[in-house]
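The values are calculated or read from the model by the stated rules, or taken from the named source; none is laboratory data. As the structure is a computational prediction, the values presented were derived from the model and not from experiment. Cβ placement follows ideal geometry from the backbone for every residue including glycine, while neighbour counts extend to all protein chains displayed.
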Amino acid sequence: MASPDAIAHLLRRATFGPTAEEVEAAVRAGFESTLDRLLAQPGTDAGATATPAPQLGPDPYSALAKGAGREQRQQANRQRTEQVQQVQRWWLDRMVAADHQLTEKLTFFWHGHWATSVQKVKSAQLMLGQLDTLRRYGRGEFAPLVAAMVRDPAMILWLDGEKNTRKAPNENLARELMELFTLGIGHYTEDDVKAGAKALTGWTVSRESGTARFEPKRHDAGPKTILGRTDTFDADAYARLLAGQPRAAEFVAGRLWSRFAGSAPASGGGMPTDVSAMLRAMFTDAAFAQTRGQLVKQPVEWAVGAMRQLHIRPSTLSEQQRKQLQSGLSGMDQVPLRPPSVGGWPAGAAWLTTSSLQARMRLAGMFAGAAGPVAVQRLGAAPESGRLDALARLLVVDAWTDRTRAALTPLAADPVRLVAAALVSPEYTVS
């Protein structure tokens, strides 16, 4: 029988941050039942349903008349920025509110894997559509996800797919598709990249409708040899070929292990091609239990987990607090919809810089002051002598080290300062 600590470890990794109540319920249910529930095909998500996506309307630039002046273009840019902020705030709110936490955390994982930035795409509508695609396909077989992403409008714009024609193939999407998304470096050749680019020709994006469309006249319909196979590959056939490679399953499993378990390598060959099956194999692997205390939380994961545990909803924060949240994530170098490159965000100790710690401390202070009544009452009801133990339960920390306990003990009389300090402790920052 799995210990309560093992169940808490599972929930810390499979969700953005479990609440004390969720851990208590999971311990009663047991490890196997909890894992089954996490991996079950999601039905209605009451939390997500109560957090509907914003109705953005059309791209502001699509309404501009030909020859629009500088002031009109500036106004359209401001409206685009406002729409992006709407989506960012909505998604953070959904991350906190979603009942199907693994689905939402997987969506964020895929957002970093198929890293696409709104700074180049310049469309909140297209980024919102990409998130829907990642959420819809991100738990099942890998092949449908790859097929959906090679025709995703935001991805096409991000990697110059609209410039890819039979007369002038652009290799950006084909290269990153193999190197960063499906196979990894060393598992394809330059000839494969060139042929893959030809398979992807013909796709363009309509910003007015927010859709990708195929234009046969722009497509190279001739035979192509990719990874040793010759055929008249189009985008779908190319996606199936890549996703069907044994290396693709190994590559994705390794990326999942890195994000959900830590730096230790995943198992070798024979991996399933279904993402949920990969996760089940990972969470039940004996090595997974040994990764406790080894995974540095990404800033978004840290912030969302803290808000969940302190019963804070981003949508109920004041305007000033929402700006603090945005600037805090920016100060820690991780803002949703804005990965720094096609390679996604860094991992591990890269998040533990002096500047990011300062931003984390400021945000921790805001979270501690905004904590919901339930969290405040749970902590305040404990006597000062037992307040650190109550704090560990609230934040789902297995135990404080002697060094951290010594640092926190003088703050026990002030719950707000105590919570703020605990949120930047090693035991909370590294799960």
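Structural remarks
- Helices (runs of 4 or more DSSP H) wholly inside the range 286-363 containing at least 2 residues that are modelled with pLDDT under 95 and among the small types (Gly, Ala, Ser): 286-289
- Residue in the range 170-177 that is assigned to a strand (DSSP E or B) and polar (S, T, N, Q) present: no
- Selection status of ARG70, in contact with a helix residue (DSSP H, G or I) (Cβ under 8 Å, 6 or more places away or on another chain), over 21 Å from ALA375 (Cβ atoms) and among the charged types (D, E, K, R): no
- Count of the range 38-55 residues, restricted to those that are within 27 Å of MET282 (Cβ to Cβ) and exposed (fewer than 14 other Cβ atoms within 10 Å of the Cβ), is 4.
- The set of residues in the range 185-199 that are in contact with a Lys or Arg (Cβ under 7 Å, 6 or more places away or on another chain) and more than 15 Å from GLY244 (Cβ to Cβ) comprises VAL193, ALA195, LYS198.
- Any hit, the range 134-149, residues being surrounded by fewer than 24 Cβ atoms within 10 Å (Cβ to Cβ) and on the phi > 0 side of the Ramachandran plot: no
- Residue match in the range 268-281 (condition: part of a helix (DSSP H, G or I), of a type in the set (Lys, Arg) and surrounded by fewer than 17 Cβ atoms within 10 Å (Cβ to Cβ)): yes
- Of the residues making up the range 43-72, those that are among the hydrophobic types (A, V, I, L, M, F, W, C) and touching a residue at least 24 places away in the same chain (Cβ under 8 Å) number 5.
- Test: GLY305 is under 23 Å from HIS113 (Cβ atoms), buried (at least 17 other Cβ atoms within 10 Å of the Cβ) and not hydrophobic (A, V, I, L, M, F, W, C): yes
- Within the range 381-431, no residue satisfies the criterion of being within 14 Å of ALA371 (Cβ to Cβ) and hydroxyl-bearing (Ser, Thr, Tyr).
Here's the yes/no breakdown for (1) modelled with pLDDT of 95 or more; (2) more than 26 Å from the chain's Cα centre (by Cα); (3) under 18 Å from LEU241 (Cα atoms); (4) aliphatic (A, V, I, L, M):
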residue	(1), (2), (3), (4)
THR165	yes, yes, no, no
ARG175	yes, no, yes, no
GLY202	yes, yes, no, no
ARG207	no, no, no, no
GLY210	no, no, no, no
PRO216	yes, yes, no, no
PRO223	yes, yes, yes, no
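- Enumeration of residues in the range 345-365 that are surrounded by 18 or more Cβ atoms within 10 Å (Cβ to Cβ) and either under 28 Å from VAL121 (Cα atoms) or free of Cβ contacts under 8 Å to residues at least 60 places away in the same chain (or both): TRP345, TRP351, ALA359, GLY365
- Exclusive hit being touching a residue at least 60 places away in the same chain (Cβ under 8 Å) and either of a type outside the set (Lys, Arg) or in a helix (DSSP H, G or I) (or both), set ARG387, ARG417, ARG393: ARG393
- Residues that are among the hydrophobic types (A, V, I, L, M, F, W, C) and more than 16 Å from MET127 (Cβ to Cβ) within the range 330-344 comprise just one, MET332.
- Residues in the range 374-384 that are over 25 Å from GLN326 (Cβ atoms) and in contact (Cβ under 8 Å) with a residue 60 or more places away in the chain were compared, and the one that is surrounded by the most Cβ atoms within 10 Å (Cβ to Cβ) is ARG378.
- Verdict on ALA368 being free of Cβ contacts under 8 Å to residues at least 60 places away in the same chain, in contact with a Lys or Arg (Cβ under 8 Å, 6 or more places away or on another chain) and among the small types (Gly, Ala, Ser): yes
- If you go through the range 155-168 and pick out every residue that is assigned to a loop (DSSP other than H, G, I, E, B) and either under 19 Å from PHE251 (Cβ atoms) or out of contact with any Asp or Glu (no Cβ under 7 Å at 6 or more places or on another chain) (or both), you end up with 6.
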